[in-house]
């Protein structure tokens, strides 16, 4: 349901801005075919890919998760039971993202709670995007694969890094882990 809303919103914004799939793909470094599959709700894009699409369309990533058009004045409260799941377990790696903001107006930070499942086989996909990223481990054990490095993190540990370097968070324990992740889009500053 949410993926369909996201795919429809991407198509609507792209067409309103007069971009073809090929033009947008060239601008953000994604194939026309992948963008078509995303817009047709055949692929659920990870946050890094949504971030690239938002940047290429010159909109905040939060626009893909908005449910109504009403603007809030200055602040947004997101209650723990009202967090919106923004990427389902259906992605290749299985991360589950929950947005921590319902701010409707343009903003530069995207805070998430991410659940990392126990992994049986280490994935080989890495993500990259401009800006800054901050990860704080709430529970479980994590590894941040950062280029060729693996950085071990435990509850209470935090890492602030340049996400333009290929990276991936992954569970390093025997139980699901949970992290607070904040992505900052410097191009919006």
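Output the number of residues of segment 115-141 satisfying the condition of being under 18 Å from residue 174 (Cβ atoms) and modelled with pLDDT under 95.
Selection size over segment 115-141: 9.
It is to be established whether one or more residues within segment 115-125 are surrounded by 19 or more Cβ atoms within 10 Å (Cβ to Cβ), under 12 Å from the mean Cα position of the chain (by Cα) and in a strand (DSSP E or B).
Pass one, segment 115-125, residues surrounded by 19 or more Cβ atoms within 10 Å (Cβ to Cβ): 115-116.
Cutting the leftovers down to under 12 Å from the mean Cα position of the chain (by Cα) gives us none.
Looking for residues that are surrounded by 19 or more Cβ atoms within 10 Å (Cβ to Cβ), under 12 Å from the mean Cα position of the chain (by Cα) and in a strand (DSSP E or B), one finds none in segment 115-125, hence no.
Determine, yes or no, whether residue 188 is within 15 Å of residue 51 (Cβ to Cβ), buried (at least 19 other Cβ atoms within 10 Å of the Cβ), modelled with pLDDT under 90 and under 18 Å from the mean Cα position of the chain (by Cα).
no
The values are calculated or read from the model by the stated rules, or taken from the named source; none is laboratory data. Remember, predicted model here, so these are calculated numbers, not experimental data. Neighbour counts are summed over all protein chains in view; Cβ atoms, including those assigned to glycine, are modelled from backbone coordinates with ideal geometry.
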